[in-house]
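As structure tokens, the structure follows; a few thoughts come after it.
The values are calculated or read from the model by the stated rules, or taken from the named source; none is laboratory data. Values in this document were obtained by computation on a predicted structure and should not be read as measured data. Cβ atoms come from the backbone with ideal geometry, glycine included; neighbour counts cover every protein chain shown. With ligands, DNA and RNA removed, areas are computed over all heavy atoms of the protein, side chains included. Shrake-Rupley method; radii C 1.70, N 1.55, O 1.52, S 1.80 Å.
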Amino acid sequence: MANAPVDPNVARAVAVADVKRLMRLARTGALATLEATGMPLTTLIGVASDFDGAPLFLMSTLSRHTRNLGSDPRASLLLSGGHDRGDPLNHARVTLSGRVERCPAPRARIRYLQRNPKAGLYAGFADFAFYRLGIDDVHFNGGFGRAAPLSAAEVLVSREGEAALAEAEERLITEANALGHPALARLAGRQALRPAWRAVGLDAEGLDLAAGGRAARAQFTTPARDPEQWRAHLDELVAAIERDGRAEPSPRKRQ
């Protein structure tokens, strides 16, 4: 029997969700820049995500790709999912294209180092600076038969309420970590590990978690626009896990 046709609206919503997840979970990506000769250069680079999901980088001005960007800021970034099993070409990946610019905002440093703590060893060097990719084009490939162009507006989060969430982020992360290691592992959808899962960052649509080199995402069903709404969304996720019988009730600790 032939497979039932896939609703294009559902397929697009799934693609958008996959791209957002890749943008939040990625810690490395392949950055393509343009040489003075017009030839492309692709390099592996560390990645984090800004509040709206746009990629953040920490780059040395001595690096060849950084020099390329100084002459021509146009670039493409390839992010891909885990390739532990199966054909890598059947895993989701996305290419984000746009222009890379310096991002001196203190939040860029905080967000990058939360997700890439080892970069703290050289983040203070004089030749290093933080950069952000302004997304103009999105090309998603979810595996065989799932390629689709998407818009930047579809994959970026509205920045409404960002200032309040940024101000409260440290406090909210402390509260999330107070849930305890087993609860955070369940939020990550993984088993408890050593090193243990911990909250490392947040945005309007969810919570980022890490356990050593592993990353996970606790995703909200709707965006939160202020700290109280964000807390309520996290409580709903925890309660849903408890209702599913995968966790014992654990009290929330508030600072």
Of residues in segment 7-53 being polar (S, T, N, Q) and closer than 18 Å to Ala119 by Cβ, the one most open to solvent (accessible area, probe 1.4 Å):
Thr28
Going through segment 218-255 one residue at a time, which ones are modelled with pLDDT under 95, among the small types (Gly, Ala, Ser) and in a helix (DSSP H, G or I)?
Ala239, Ala240
Restricting to segment 197-236, give me the number of residues that are farther than 25 Å from Arg109 by Cβ and over 19 Å from the mean Cα position of the chain (by Cα).
6
Failed item in (1) touching a Lys or Arg at 6+ places or on another chain (Cβ under 7 Å); (2) under 29 Å from Ser60 (Cα atoms); (3) open to solvent by 20 Å² or more (accessible area, probe 1.4 Å), with Ile110 passing the rest
(1)
Cross-chain or 6+ apart pairs with Cβ under 7 Å, segment 221-237 first and within 14 Å of Ala164 (Cβ to Cβ), then open to solvent by 70 Å² or more (accessible area, probe 1.4 Å) and in a loop (DSSP other than H, G, I, E, B)
Arg225/Glu160
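Every residue, every condition in (1) touching an Asp or Glu at 6+ places or on another chain (Cβ under 8 Å); (2) closer than 30 Å to Gly86 by Cβ; (3) among the hydroxyl-bearing types (Ser, Thr, Tyr), yes or no:
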residue	(1), (2), (3)
Leu113	no, no, no
Gly134	yes, no, no
Ala153	no, no, no
Leu165	yes, no, no
Trp197	no, yes, no
Does Pro104 fit the bill of being on the phi < 0 side of the Ramachandran plot, at pLDDT below 95 and open to solvent by 40 Å² or more (accessible area, probe 1.4 Å)?
yes
Test Leu56 against the stated conditions and say whether it is touching a residue at least 40 places away in the same chain (Cβ under 8 Å), touching a Cys at 6+ places or on another chain (Cβ under 8 Å), assigned to a strand (DSSP E or B) and open to solvent by less than 50 Å² (accessible area, probe 1.4 Å).
yes
Could you please give the count of residues in segment 191-218 that are touching a residue at least 40 places away in the same chain (Cβ under 8 Å) and surrounded by fewer than 15 Cβ atoms within 10 Å (Cβ to Cβ)?
1
Among the residues of segment 84-106, is there at least one that is more than 17 Å from Thr42 (Cα to Cα), under 18 Å from the mean Cα position of the chain (by Cα) and among the polar types (S, T, N, Q)?
no
Output for segment 147-164, where each listed residue is at pLDDT below 95, in a helix (DSSP H, G or I) and hydrophobic (A, V, I, L, M, F, W, C)
Ala163
Kindly check whether there is at least one residue in segment 119-140 that is of a type in the set (Asp, Glu) and either buried (at least 19 other Cβ atoms within 10 Å of the Cβ) or within 16 Å of the chain's Cα centre (by Cα) (or both).
no
Listed by first then second residue, the pairs whose first member lies in segment 155-170 and is touching a residue at least 60 places away in the same chain (Cβ under 8 Å) and among the aliphatic types (A, V, I, L, M), whose partner is open to solvent by less than 10 Å² (accessible area, probe 1.4 Å) and in a helix (DSSP H, G or I), with beta carbons under 9 Å and at least 6 positions apart or on separate chains, are Val155/Val19; Val155/Met23; Leu156/Met23; Leu165/Leu172; Leu165/Trp230; Ala168/Trp230
Going by the structure shown, is Glu162 open to solvent by 30 Å² or more (accessible area, probe 1.4 Å) and within 22 Å of Glu228 (Cβ to Cβ)?
yes
